[in-house]
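Structure first, commentary second.
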Amino acid sequence: MGGFYTIAGRKVATHHMVLGMLGLYGLGIKASLPKTDKTQNPPINAANEDEGKFVQEFLKSLEAEEKKTAH
């Protein structure tokens, strides 16, 4: 196949070194991405204030129902 390097007394294939470097590169990118809070709900675009209150109360009642059925 390809060449080998001797690292710490062991033969390591070049393709294994490449795969290891690509994995480390991917982990570095994932670690550098900003962490997002997935618990935030999207904004409610209501036509008026009453509609916005109704939607918020409805969502709260749904969450309460889910908690009851989950336990």
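The values are calculated or read from the model by the stated rules, or taken from the named source; none is laboratory data. A quick note: this is a predicted structure, and the numbers were derived from the prediction, not measured. All Cβ positions, glycine included, derive from the backbone under ideal geometry; neighbour counts span all protein chains shown. Areas reflect the complete protein model, heavy atoms only, side chains present, ligands, DNA and RNA absent. Shrake-Rupley method; radii C 1.70, N 1.55, O 1.52, S 1.80 Å.
Helix 49-70 against the longest principal axis of the chain: what's the angle in degrees, Cα atoms only, rounded to the nearest 10? Rounded to the nearest ten degrees, it is 60. Pairing the Cα long axis of helix 14-32 with the longest principal axis of the chain, what angle in degrees results, from 0 to 90 and rounded to the nearest 10? Relative to the chain, helix 14-32 is tipped by roughly 30 degrees. Per residue, the accessible area of the chain comes to 99 Å² when a 1.4 Å probe rolls over the protein heavy atoms.
Here the label points at Tyr25 and Phe4, each 7 Å from Cα along the C-beta direction, are separated by 2.6 nm in the simple model.
Assuming R0 = 25 Å, can you tell me the calculated FRET efficiency for the pair Lys60 and Leu33, based on Cβ-Cβ distance, to the nearest 0.05?
Efficiency, rounded to the nearest 0.05: 0.20.
Considering the convex hull of the alpha carbon atoms of the chain, report its projected area averaged over all viewing directions, in nm², one decimal. Convex hull of Cα atoms, orientation-averaged projection: 10.9 nm².
Residues Ser61, Ser32, sorted by accessible area with the largest first, give Ser32, Ser61 [1.4 Å probe; ligands and nucleic acids excluded].
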